[in-house]
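Engineer: Got a structure for you, written out below as structure tokens; questions coming shortly.
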Amino acid sequence: MSQTVVVTGANKGIGFEFCAYYKQKGLNVIAVCRSASEALQGLGVEVVEDVDVSSDHGIDRLKLAIGERSIDILINNAGIFSNQSFNDMDFEEISRQFEVNAVGPLKVTHALDNALKRGAKVALVTSRMGSISDNTSGAYYGYRMSKAALNAAGKSLANDLKPRGVAIAILHPGFVQTSMVGYAGDISPATAAERLAQRITALTIETTGTFWHSNGDVLPW
């Protein structure tokens, strides 16, 4: 029987490429998004729309769509990005990034907990901008803080789910050419998704909770 992978933020960018990659590998792909693009609709995967990972409505809709099925891989990819410098603060936007980037993946993982069978893998697509020791340039308050919070959540999930045989990967994709960064990255979404998928494949219960770059390097907290 084919494995089942659930991908949030599947409409475009890395999320879309995750879906394309796993579809090509023969997995059952459940693509979760707020609104599906024509490209995603044409990919031949199951699409679950109207899911904002920060809202109770979206989480309930996702849980209902999964139903009694088991999940082998859960990829928490949905996220938003904006910059707040010290001289140009937007505290509402900082809070919004927390809700989507940090609390959202925790809500999704908690809601789908019963569907994660022994041996399942959960990936959190984070950023090295959430690394405190790697921050040498400041700014980006909401994004940095939300990704640091996501990293902390991932480490706790790794500890809490390890006895059940569920492993957690905390993953930085690299500087990816997506709309989030105005397509200014140095690798394509397809390359990022393939590299991240390799990290997920290599993940074991012994390496759960590790913070990885998509190239395989272990990143500092």
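Engineer: May I ask you to derive the relative contact order of the chain, considering only C-alpha pairs under 8 Å and at least 6 residues apart, and to give it as an integer percent?
Structural biologist: Dividing the mean separation by the residue count of the chain yields 19 percent.
Engineer: How would you rank 53, 166, 32, 100, going from fewest to most other Cβ atoms within 10 Å of each one's own Cβ?
Structural biologist: Listing 53, 166, 32, 100 from fewest to most nearby Cβ atoms yields 100, 166, 53, 32.
Engineer: Here is a follow-up. Taking springs between alpha-carbon atoms closer than 10 angstrom, which of 98, 175, 86 fluctuates most in the Gaussian network model of the chain?
Structural biologist: 86
Engineer: Moving on to the next point. Under the Karplus relation 6.51 cos²θ - 1.76 cosθ + 1.60, θ = phi - 60°, what is the ordered set of whole-Hz ³J(HN,Hα) values for region 199-215, x standing for Gly and Pro?
Structural biologist: For region 199-215, the Karplus-derived couplings read 5, 5, 4, 6, 4, 10, 5, 6, 9, 4, x, 7, 9, 10, 7, 4, 7 Hz, x marking Gly and Pro.
Engineer: Additional query: Run the dipole for region 38-145 about the Cα centre, Lys and Arg Cβ at +1, Asp and Glu Cβ at -1, nothing else charged, and hand back the magnitude in debye, nearest 20.
Structural biologist: 580
Engineer: Okay, next question. Relative to the longest principal axis of the chain, what angle (0 to 90°, nearest 10) does the C-alpha long axis of helix 56-66 take?
Structural biologist: For helix 56-66, the angle is close to 30 degrees.
Engineer: Run the simple label-point estimate for residue 159 and residue 183 please: 7 Å along Cα→C-beta, distance reported in nm.
Structural biologist: Result for the modelled spin labels: 4.4 nm.
Engineer: Still on this model: Per DSSP H run of n ≥ 4, the term is -39500 (n - 2.57); total these for the chain, divide by its residue number, and report the mean residue ellipticity at 222 nm rounded to 500 deg cm²/dmol.
Structural biologist: -10500 deg cm²/dmol, from helical runs alone.
Engineer: Want the number for residue 87 to residue 218: 0.36 nm per residue separation, take away the alpha-carbon distance, what's left?
Structural biologist: Gain in length upon complete extension: 43.9 nm.
Engineer: Right, something else. Which whole-angstrom value gives the distance between the alpha carbon centres of region 73-94 and region 115-151?
Structural biologist: Answer, in whole Å: 11.
Engineer: When the chain is fully extended, how far beyond the present Cα-Cα distance does residue 37 get from residue 194, taking 0.36 nm per residue of separation?
Structural biologist: 54.4 nm
Engineer: All other residues with a Cβ under 9 Å from the Cβ of residue 127 taken together, and with Lys, Arg as +1 and Asp, Glu as -1, what is their net charge?
Structural biologist: +3
Engineer: If the chain between residue 136 and residue 56 were fully stretched, how many nm would it gain, using 0.36 nm times the residue separation less the Cα-Cα distance?
Structural biologist: That works out to 25.2 nm of additional length.
Engineer: Kindly identify region 1-76 as rounded, prolate or oblate by the Cα gyration tensor criterion: order the square roots of the eigenvalues as a ≥ b ≥ c, call it rounded if a/c is under 1.5, otherwise compare a/b with b/c, prolate if a/b is larger, else oblate.
Structural biologist: Taking the square roots of the gyration eigenvalues as a ≥ b ≥ c, region 1-76 is oblate.
Engineer: Looking at region 15-64, which trypsin sites (Lys or Arg not before Pro) are in a loop (DSSP not H, G, I, E or B) and have at most 14 other Cβ atoms within 10 Å?
Structural biologist: The qualifying sites are 25.
Engineer: Of the DSSP beta bridges with both residues in region 4-213, give the percent that are antiparallel, rounding to the nearest 5.
Structural biologist: 5
Engineer: Taking percent of Cα pairs over 31 Å apart as the quantity of interest, determine which of (1) 50; (2) 36; (3) 13 was computed from the displayed structure.
Structural biologist: Correct label is (3).
Engineer: Would you be so kind as to identify which of 131, 103, 213 lies farthest towards the positive end of the dipole of the chain, taking Lys and Arg as +1 and Asp and Glu as -1 on Cβ and the Cα centre as origin?
Structural biologist: Looking along the dipole axis, the top candidate is 213.
Every number here is computed from the coordinates shown, using simple stated rules; none is lab data. These numbers come from a predicted model, not from an experiment. Heads up, the Cβs are rebuilt from the backbone with ideal geometry, glycines too, and the neighbour counts pull from every protein chain shown.
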